[in-house]
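In what follows, a structure is listed as structure tokens, so that the remarks can point back to it.
The values are calculated or read from the model by the stated rules, or taken from the named source; none is laboratory data. Just so it is clear, the model here is predicted, and its values are computed rather than measured. For neighbour counting, all protein chains shown are included, and Cβ atoms are generated from backbone atoms with ideal geometry for every residue, glycine included.
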């Protein structure tokens, strides 16, 4: 299970508890592919325009460009983001701080 928090401000944080059934059959490569597809579809701007884009940059930009409303709604897209982030980082607790542009 993963606990993923996406924060847009201290008073606007969205928590997702990702259970085993939500990540069943989702391997690291498929999770990275989904995040990369969203990065491209949202026309995200890489924070480092030169060189390889790190997975943390992809996660942060997808959260930022995906927008707070998607996380506030807590629908399928937000849950998929949380599941893919959990699988890619493989940590039980993950905090995506959008304004601070950090993942902890």
- Within region 74-84, count every residue that is surrounded by 15 or more Cβ atoms within 10 Å (Cβ to Cβ) and closer than 12 Å to residue 15 by Cβ. 3
- Message: I'd like to check something: does region 43-55 contain any residue that is assigned to a helix (DSSP H, G or I), surrounded by fewer than 19 Cβ atoms within 10 Å (Cβ to Cβ) and within 11 Å of the chain's Cα centre (by Cα)?
- Response: yes
- Looking at 38, 22, which one is in a helix (DSSP H, G or I) and over 19 Å from residue 101 (Cα atoms)? 22
- Query: Do we have any residue at all in region 58-70 that's surrounded by fewer than 15 Cβ atoms within 10 Å (Cβ to Cβ), under 19 Å from residue 98 (Cα atoms) and modelled with pLDDT under 95?
  - Reply: no
- Message: Give all pairs with beta carbons closer than 9 Å in which a residue from region 27-52 that is free of Cβ contacts under 8 Å to residues at least 12 places away in the same chain and at negative phi meets a residue that is crowded, with 16+ Cβ neighbours inside 10 Å and not in a helix (DSSP H, G or I); count only pairs at least 6 apart in sequence or on separate chains.
- Response: none
- Query: Residues in region 1-19 that are assigned to a loop (DSSP other than H, G, I, E, B) and in contact (Cβ under 8 Å) with a residue 24 or more places away in the chain: how many?
  - Reply: 1
- Message: Would you confirm, using the coordinates I've provided, whether residue 74 is more than 14 Å from residue 85 (Cα to Cα) and touching a residue at least 60 places away in the same chain (Cβ under 8 Å)?
- Response: yes
- Look at residue 95 and say whether it is surrounded by fewer than 17 Cβ atoms within 10 Å (Cβ to Cβ) and under 21 Å from residue 19 (Cβ atoms). yes
- Within region 53-71, which residues are in contact (Cβ under 8 Å) with a residue 60 or more places away in the chain and either closer than 19 Å to residue 2 by Cα or touching a helix residue (DSSP H, G or I) at 6+ places or on another chain (Cβ under 6 Å) (or both)? 71
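So that you can scan it fast, the table gives a plain yes or no per residue for (1) under 13 Å from the mean Cα position of the chain (by Cα); (2) part of a helix (DSSP H, G or I); (3) over 21 Å from residue 14 (Cα atoms):
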| site | (1), (2), (3) |
| --- | --- |
| 29 | no, yes, yes |
| 60 | yes, yes, no |
| 72 | no, yes, no |
| 86 | yes, yes, no |
